[in-house]
Amino acid sequence: MSSTATTPGEKAAEQGYAVPWWVTLRRRFFRGLVRTVFKLITRVEIEGRENIPADGAYIIAYNHISLFEPPLLICFWPELPEALAGADVFDRPGQNFFVRVYDAIPVKRGEYDRSVIERMTAVLQAGRPLMIAPEGGRSHELGLRRGQPGVAYLMDLLNVPVVPVGIVGTDDHMLRRALKGQRPRLQMRIGEPITLPPISGRGAERRAMRQTNADLVMQRIVDLLPARYHGVYADETA
């Protein structure tokens, strides 16, 4: 009697994915509240709304400098996307409030967690958008860091497009400046969806192709950002 292993994608397809109604209600309430705060203390400008897919699964890939990019995206995106957050954020007083209220997916940085992959896969199998910061976490500075291959892994697994988003104006001191009445100007620039080349090969070759695809995603984000944000990709865009 023979048996075959179930892949994360196959298991997700069997289990399906649905957001409980009370979580959706909670998300909508707090999104409206936080969006109102953004509008009161900052000036939000959005470019490229026409590039957001009307339906189907896709990954939202954005630059991540501070605590403010994820809520900004969630508050002004037309659909409620699923979101990833570092597992350590769930244990930080104050910072953990939004991720717990929103029911974000906790991810242990730098570790492979099959259950997390299965949940992310299930989100995409259900035709929902999923937010991912390809840099793997906050940079705390304007310059981009090297993209991690996780986005490319998911794209290769399910063949979904990526919508690149460049966010300008956020930083660790944004809230302090806003409370002083400066009303920071925040720009969310949405690029056209991209589909990356399929990944093939084994071992080191496959890992290298994932990194190449992750860098292609980052390059599309770079295209949406001013030069001072380019960081490790500055020489590659010169």
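So what is the 222 nm mean residue ellipticity for the chain from helices alone, if each DSSP H run of at least 4 adds -39500 (n - 2.57) and you divide by all residues, rounding to the nearest 500 deg cm²/dmol? Working shown, then result.
Details: 9 runs with 95 residues, N = 238.
When only DSSP H runs of four or more count, the value is -12000 deg cm²/dmol.
For the chain, what relative contact order do you get, as a whole percent, if you take Cα pairs closer than 8 Å and at least 6 residues apart?
On the way: 389 pairs, mean separation 66.7, N = 238.
Rounded, it is 28 percent for the chain.
Amide H neighbours of LEU84 under 5 Å, at least 5 residues apart or on other chains, H built in the peptide plane: list them.
ILE105, MET131
When DSSP assigns beta bridges and you keep just the ones with both residues in the stretch 84-236, what percent turn out antiparallel, to the nearest 5? Walk me through the intermediate numbers first.
On the way: 5 of 8 bridges.
Of those bridges, close to 60 percent are antiparallel.
Suppose the chain between GLU192 and LYS180 were pulled fully straight at 0.36 nm per residue; how much longer would it get relative to their current alpha carbon spacing?
On the way: separation 12, 0.36 × 12 = 4.32 nm, distance 3.58 nm.
Net length gain for the segment: 0.7 nm.
Testing the spin-label approximation: label points 7 Å from Cα along Cα→Cβ at ARG92 and TRP21. State their distance in nm.
With each label placed 7 Å out from Cα toward Cβ, I get 3.6 nm.
Among ILE46, ILE60, what's the order by accessible area (1.4 angstrom probe), most exposed first?
Working: ILE46 35, ILE60 0 Å².
Accessible-area ranking of ILE46, ILE60, largest first: ILE46, ILE60.
Would you kindly derive the ³J(HN,Hα) couplings of the stretch 150-162 from the backbone phi angles with the Karplus curve 6.51 cos²θ - 1.76 cosθ + 1.60 (θ = phi - 60°), listing them in order in whole Hz, with x for Gly and Pro?
x, 4, 5, 4, 5, 5, 5, 5, 10, 6, 10, x, 10
On a full-extension model of 0.36 nm per residue, what is the gain between ASP113 and ILE52, subtracting their alpha-carbon distance, rounded to one decimal in nm?
Numbers: separation 61, 0.36 × 61 = 21.96 nm, distance 2.93 nm.
Value of the extension gain: 19.0 nm.
How big is the accessible area of THR36 in square angstrom, nearest 10, if you roll a 1.4 angstrom probe over the protein chains?
The value for THR36 is about 70 Å².
When the convex hull of the Cα atoms of the chain is projected onto a plane and the area is averaged over all directions, what value comes out in nm²?
On the way: hull surface 58.0 nm².
Average projection, Cα convex hull of the chain: 14.5 nm².
Protein chains only, probe 1.4 Å: how do THR42, THR195 rank by accessible area, largest first? Don't jump to the answer; show the numbers that get you there.
Details: THR42 0, THR195 100 Å².
The ordering from most to least exposed comes out as THR195, THR42.
Taking 2.2 N^0.38 Å as the expected size of a compact globular protein, what ratio does the Cα radius of gyration of the stretch 87-163 give against it, to two decimals?
On the way: Rg = 13.3 Å, N = 77, 2.2 N^0.38 = 11.5 Å.
Normalised by 2.2 N^0.38 Å, the Cα Rg of the stretch 87-163 equals 1.16.
If each residue of separation counts as 0.36 nm, what is the full-extension length gain between ALA234 and ARG206 once their alpha-carbon separation is subtracted?
Values: separation 28, 0.36 × 28 = 10.08 nm, distance 2.56 nm.
Extending this stretch completely gives an extra 7.5 nm.
The values are calculated or read from the model by the stated rules, or taken from the named source; none is laboratory data. Since we're looking at a predicted model, the values are computed, not measured. Note that each Cβ is placed from the backbone with ideal geometry, even for glycine, and that neighbours are counted across all protein chains shown. We work out accessible area using only protein heavy atoms, side chains counted, and drop any ligands, DNA or RNA first. Shrake-Rupley method; radii C 1.70, N 1.55, O 1.52, S 1.80 Å.
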